[in-house]
Amino acid sequence: MSLKDTLFTEAEQKALFDHTFLARERLEEQYASLPHQSETAAFGMWVFLATEVMFFGTLFLSVGAYWCLAPEVIERASLELNWIIGGINTLVLLVSSLMMVLAIHSAQINRQSDVYRYLLLTAGLGVCFLCFKALEYYIDYRENLIPGFKFDEAEWVSRGVDASQIGYVKIFLFLYWTMTGFHALHVTIGIVAVLVMAVLTRRGHFSAEYYSPLDVTGLYWHFVDVVWIFLFPALYLLGTHRL
Amino acid sequence: MSTKLVPVNTYIVVLVILLALTVLTVAVSFVPLPPADHVAAGLTIATLKATLVVLIFMHALHSPRLTWCVILVSIAWLLILFSLTYTDYLTRGALPQMPGH
């Protein structure tokens with residue numbers, strides 16, 4: 001029996017080996033420990049999300065400003081958006097957030113095959129969101145809701161909007177395309193990030209001690225969900241009380 | 001990692017609340033109310049939902065104080081942006097004649 005075996009139990013030896021492996025393979029040299037590294041990474045993502053808050057915040061601010069100036073026209077324009085698809089997409093994103101959080105939970109309790117499965121479900125629901133979005137955009141295209149490209153002023157006059165106020169309709173629709181477009185871009189980036197995490201999980205990159213990239217990807221994914229939580233009432237539900 | 005383990009049931013309960021609040025948002029939006037009340041109701045429910053996602057799904061509840069600083073500061077900055085802008089937009093026409101015009 002070697003000295004090592006007399007000093008440490010088998011479990012302790014394994015823990016020591018795992019720790020050494022993790023410290024060597026995953027710990028960057030500027031950090032004191034893995035928790036230090038993980039907390040720094042999460043903090044970095046939170047700071048990035050703070051800049052995202054300002055980015056989307058200004059767009060929400062604009063919708064509000066134009067609503068203050070011409071509430072009735074904005075409500076009339078909002079009524080033409082497809083709130084049913086918007087609502088379904090809200091549910092899809094909320095469920096995808098649960099899948100993401102379950103993936104991280106599975107990583108915490110070291111069930112790697114579950115992590116992989118939940119990540120694929122998250123990405124799948126993200127793709128589902130984009131498919132509904134594409135369908136919605138196609139319907140918008142068919143209904144002439146793209147100012148500057150496919151837009152019919154006469155239609156809006158027949159809907160009761162004063163000809164002098166059609167500019168507000170155009171600006172609202174422009175904001176709708178910008179906000180949902182940028183949101184869809186974020187979802188796309190999120191799907192790619194989640195799939196990369198799925199591949200890394202498959203390769204045995206993560207463990208209960210180290211799953212920091214997964215955690216950071218989760219923060220990003222949930223933030224995209226939070227943006228949609230505000231987008232849905234702020235764009236789609238402004239005029240539904242007129243139905 | 002040192003993140004606190006939250007029971008799976010908590011996550012599922014939060015999702016059910018989020019789904020219920022989504023249905024509530026849609027339901028409220030159909031009730032005949034003044035437009036300003038609709039915006040207020042929609043945003044209040046959305047804020048409630050976002051709070052749940054940030055606290056539970058994003059684990060802000062068990063995050064270090066530094067993370068809390070970032071969250072609170074970004075909300076504060078957003079409030080400054082909104083309040084200063086809307087002091088203008090929401091009060092336009094409140095005075096019969098603007099001094100100096």
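Would you check if B:Leu33 is in contact with a helix residue (DSSP H, G or I) (Cβ under 9 Å, 6 or more places away or on another chain) and assigned to a loop (DSSP other than H, G, I, E, B)? It would help to see each step written out before you state the result.
Values: in contact with a helix residue (DSSP H, G or I) (Cβ under 9 Å, 6 or more places away or on another chain): yes; assigned to a loop (DSSP other than H, G, I, E, B): yes.
Spelling it out, B:Leu33 is indeed in contact with a helix residue (DSSP H, G or I) (Cβ under 9 Å, 6 or more places away or on another chain) and assigned to a loop (DSSP other than H, G, I, E, B).
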Can you work out which of the residues in the range A:188-209 that are hydroxyl-bearing (Ser, Thr, Tyr) and under 30 Å from A:Phe17 (Cβ atoms) is farthest from the other protein chains (Cβ to nearest Cβ)? A:Thr201
Condition first: closer than 30 Å to A:Glu72 by Cα and facing another protein chain (nearest Cβ under 10 Å). Can you find one or more residues in the range A:210-225 that meet it? yes
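Conditions (1) within 8 Å of another protein chain (Cβ to nearest Cβ); (2) over 30 Å from A:Ala103 (Cβ atoms); (3) modelled with pLDDT of 95 or more; (4) surrounded by 13 or more Cβ atoms within 10 Å (Cβ to Cβ), marked per residue:
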residue: B:Pro35; (1), (2), (3), (4): yes, yes, no, yes
residue: B:Val53; (1), (2), (3), (4): yes, no, yes, yes
residue: B:His62; (1), (2), (3), (4): no, no, no, yes
residue: B:Trp68; (1), (2), (3), (4): no, no, yes, yes
residue: B:Trp77; (1), (2), (3), (4): yes, yes, yes, yes
residue: B:Leu81; (1), (2), (3), (4): yes, yes, yes, yes
Within the range A:198-206, can one find any residue that is assigned to a helix (DSSP H, G or I), touching a residue at least 24 places away in the same chain (Cβ under 8 Å) and of a type outside the set (D, E, K, R)? yes
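The values are calculated or read from the model by the stated rules, or taken from the named source; none is laboratory data. Source: prediction; values computed, not measured. Methodologically, a virtual Cβ is constructed for each residue, glycine included, from the backbone with ideal geometry; neighbour enumeration extends over all protein chains shown.
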